[in-house]
Amino acid sequence: SIWEGGLVSYWAIVGGLLVAWWLFLSRPKSERAAWFNSLLIAAALGWGIGRIGNYYAGDSIGTVNPVWSAFYGRVPIQLWEAALCFGLVLLFQGRRLASIRTGLLLLILYFAGRFVIDFWRDEKIWLGLHLSQWVSLMVALLLASLLVTLKKRKPV
């Protein structure tokens, strides 16, 4: 429920991206893509650490399942998301960061992973999916269409 703190993580992402966009525009054009991609890798690392904190705080809980009794009897979706973020950091660290497409791919993979993880989220379902899944799906599709558009354009 939004009135009970729902969508907090998405608003944090939106706020962070707005600040990042402002900082991005203040960089020389030759540095923008590498700077943006480095920022995304650092953000994924921070997000993963934050999700471990969410687990210990009992925030964003997963569904009840006796298989996960060592994890308070619930599916540890926060830890899965932390693992997703750390995996993305390992995957993209050291990659060629000079292309904006690299950052878009990282974001698409994050939102696609979040979409899958949220099947085990313990919250109300709306039109067959959780609200967080709808947001993840829409953002991933938007970013994928942007990636395809950029791929079709010839580099200047």
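The values are calculated or read from the model by the stated rules, or taken from the named source; none is laboratory data. Keep in mind that this is a model prediction, so the values were computed, not measured. All Cβ positions, glycine included, derive from the backbone under ideal geometry; neighbour counts span all protein chains shown. Just so you know, the surface numbers come from the protein's heavy atoms only, side chains and all, with ligands and any DNA or RNA stripped out. Shrake-Rupley method; radii C 1.70, N 1.55, O 1.52, S 1.80 Å.
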Scan the stretch 133-141 and tell me whether some residue there is β-branched (Val, Ile, Thr) and outside any helix (DSSP H, G or I).
no
Based on this model, can you work out whether Ala57 counts as within 15 Å of the chain's Cα centre (by Cα), at pLDDT 80 or above and of a type outside the set (S, T, N, Q)?
no
Among Gly46, Gly103, which is the only one that is without any contact (Cβ under 8 Å) to a residue 12 or more places away in the chain, open to solvent by less than 60 Å² (accessible area, probe 1.4 Å) and in a helix (DSSP H, G or I)?
Gly46
Residues of the stretch 49-64 classified as part of a loop (DSSP other than H, G, I, E, B) and surrounded by 13 or more Cβ atoms within 10 Å (Cβ to Cβ), total
4
I'm told Arg121 meets every condition in (1) at pLDDT below 85; (2) among the charged types (D, E, K, R); (3) within 19 Å of the chain's Cα centre (by Cα) except one. Can you identify the failing condition by its number?
(1)
Check whether at least one residue in the stretch 17-29 is small (Gly, Ala, Ser), at pLDDT 85 or above and not in a helix (DSSP H, G or I), and report yes or no.
no
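What residue, of Phe111, Phe86, is under 18 Å from Leu17 (Cβ atoms), modelled with pLDDT of 85 or more and assigned to a helix (DSSP H, G or I)?
Residue meeting the stated conditions: Phe111.
Inspect all residues belonging to the stretch 67-75 and state whether any of them is polar (S, T, N, Q) and open to solvent by 20 Å² or more (accessible area, probe 1.4 Å).
Yes, the conditions are met somewhere in the stretch 67-75.
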